[in-house]
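Each remark here refers to the structure printed beneath this line.
The values are calculated or read from the model by the stated rules, or taken from the named source; none is laboratory data. From a predicted model like this one, the values you see are computed outputs, not experimental measurements. Glycine also receives a Cβ, built like all others from the backbone with ideal geometry; neighbour counts cover every protein chain displayed. Just so you know, the surface numbers come from the protein's heavy atoms only, side chains and all, with ligands and any DNA or RNA stripped out. Shrake-Rupley method; radii C 1.70, N 1.55, O 1.52, S 1.80 Å.
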Amino acid sequence: MDSLICKYCRERSSVTPSTQYIRCHGCRRALSVGSIEDEVLPKGLSLDTRKKMTEEKERCLRVRKKFLGSNSQHGQTSSQPPPVITQDPPARGKRALICGITYKKQKYELRGTAQDVKNMRDLLVKQFRFPEESILILAEDEKYRPPTRKNIEHAFQWLMRGIQSGDSLVFYFSGHGLRQRDFQGDEIDGFDENICPLDFQSNGNVLDNYINKAIVRPLIPGVTLHAIVDCCHSGTMLDLPHVYNINTGKWDDNRPPSGTYKGTSGGRAICFSACEDYQQAADTTAFSTEKEMTGAMTHTFIRAIEEAVASNKQITYQAYWTQCMRLSSKPINQDSVLEYTGFSTARSYRTHCYHLPKSSAPAQSSSCSMQS
């Protein structure tokens, strides 16, 4: 009969032939027989030989862990930024959360999100005068915190912490989006939308219900949130009560059939989405002469604002969407035409507006301003 030494408590346990798992006699942990992290020693070896084998295997294990930790994107190394938990409140006035996920070395890897993060940051800093220290970026770059589910949820808390009237907030996301069956009766189409963190395969997604609760419901009077969501199935990612219909030019009622309140606490939330809930978004090189991969929605969003500024035009929501339609539907070259699939924008207002007739919905000509 062979024996196994527990890597946790160093207690020796007997192992019968063909056994795959045992419970340690000392610490009671479940151990896998024959794995690289557990040790099965053949019977009959001298104590000195057993000791040398154990020491050598422990040394190899330390080297292996050190190597994997320095080369894995998910490895917890000493140079990794700390979690998004800070005691100091974020800056007053303007603050932004930018999240771009590439999903490196995964089956679902994207190529345009890294550039999207840079472009959106530059827009906020150069055009809308956001202080660099008031922008929190989650991205797969060693100088940023990784966009895991836990960090995204903590970043939402950071974005909303200590908000006061007059604050202008921005949430930007570029990555994968999914939809799943709604079991709470608060989705008109029967599906919840969600964004995919870097670790979504192991820790799950961030649902629209959570996003609404985290960054929409807390908005108090005088605080404005602009969300830009560039991912598939993003039409109602914030679950806002009104959705602008570009075909009719009117605001559609998007309040939950269940009666659950999804509005703000008196503040204002505007969401620009890449596509309808049932549609998909994509990265593209169609807009770049250098074949630089970017999110199609992100590119047209930024370009529409830059062109309006260059021509000294006031940026209104109506003018913005007109410009986006023009930019996203015109031929880029002889072989490539990006089909316009209909960006959707959702917007929530103060509580008393929800009880007005549809004809009294917010005007399209409202100024689209992040306090430039």
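Going through the stretch 122-175 one residue at a time, which ones are of a type in the set (Asp, Glu) and not in a loop (DSSP other than H, G, I, E, B)?
Within the stretch 122-175, the subset of a type in the set (Asp, Glu) is 122, 132-133, 140-142, 153, 167.
Those that are of a type in the set (Asp, Glu) and not in a loop (DSSP other than H, G, I, E, B): 122, 132, 133, 153.
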If I ask for residues that are modelled with pLDDT of 95 or more and exposed (fewer than 13 other Cβ atoms within 10 Å of the Cβ), which ones from the stretch 69-125 would you list? 122
Residue that is surrounded by the most Cβ atoms within 10 Å (Cβ to Cβ), among those in the stretch 261-284 that are polar (S, T, N, Q) and closer than 14 Å to residue 295 by Cα: 273
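Do you know which of the residues in the stretch 133-163 that are over 19 Å from residue 112 (Cβ atoms) and of a type in the set (Asp, Glu) is farthest from the chain's Cα centre (by Cα)?
Within the stretch 133-163, the first condition is being over 19 Å from residue 112 (Cβ atoms), and the residues that meet it are 133-136, 142-143, 145, 148-163.
Right, trim to of a type in the set (Asp, Glu) and you get 133, 142, 153.
Working: 133: 20, 142: 17, 153: 9 Å.
Step by step, filter the stretch 133-163, then rank; the result is 133.
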Please verify whether residue 162 is open to solvent by 30 Å² or more (accessible area, probe 1.4 Å) and either of a type outside the set (Lys, Arg) or farther than 22 Å from residue 296 by Cβ (or both), treating the condition exactly as stated. yes
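Here's the yes/no breakdown for (1) hydroxyl-bearing (Ser, Thr, Tyr); (2) at pLDDT 90 or above; (3) touching a helix residue (DSSP H, G or I) at 6+ places or on another chain (Cβ under 9 Å):
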site: 225; (1), (2), (3): no, yes, yes
site: 239; (1), (2), (3): no, yes, yes
site: 245; (1), (2), (3): no, no, no
site: 248; (1), (2), (3): yes, no, no
site: 252; (1), (2), (3): no, no, yes
site: 263; (1), (2), (3): no, yes, yes
site: 276; (1), (2), (3): no, no, no
For the condition over 17 Å from the mean Cα position of the chain (by Cα) and either open to solvent by less than 50 Å² (accessible area, probe 1.4 Å) or more than 11 Å from residue 152 (Cβ to Cβ) (or both), what is the one hit in 182, 208, 199? 182
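Which of the residues that make up the stretch 250-260 are part of a loop (DSSP other than H, G, I, E, B), surrounded by fewer than 15 Cβ atoms within 10 Å (Cβ to Cβ) and touching a residue at least 40 places away in the same chain (Cβ under 8 Å)?
257, 258, 260
Assess whether residue 236 counts as being β-branched (Val, Ile, Thr), surrounded by fewer than 23 Cβ atoms within 10 Å (Cβ to Cβ) and out of contact with any Gly (no Cβ under 7 Å at 6 or more places or on another chain).
Working: β-branched (Val, Ile, Thr): yes; surrounded by fewer than 23 Cβ atoms within 10 Å (Cβ to Cβ): no; out of contact with any Gly (no Cβ under 7 Å at 6 or more places or on another chain): yes.
Taking the combined requirement at face value, the residue does not satisfy it.
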Which condition does residue 290 not pass, out of (1) open to solvent by 30 Å² or more (accessible area, probe 1.4 Å); (2) at pLDDT 85 or above, if it passes all the others? (2)
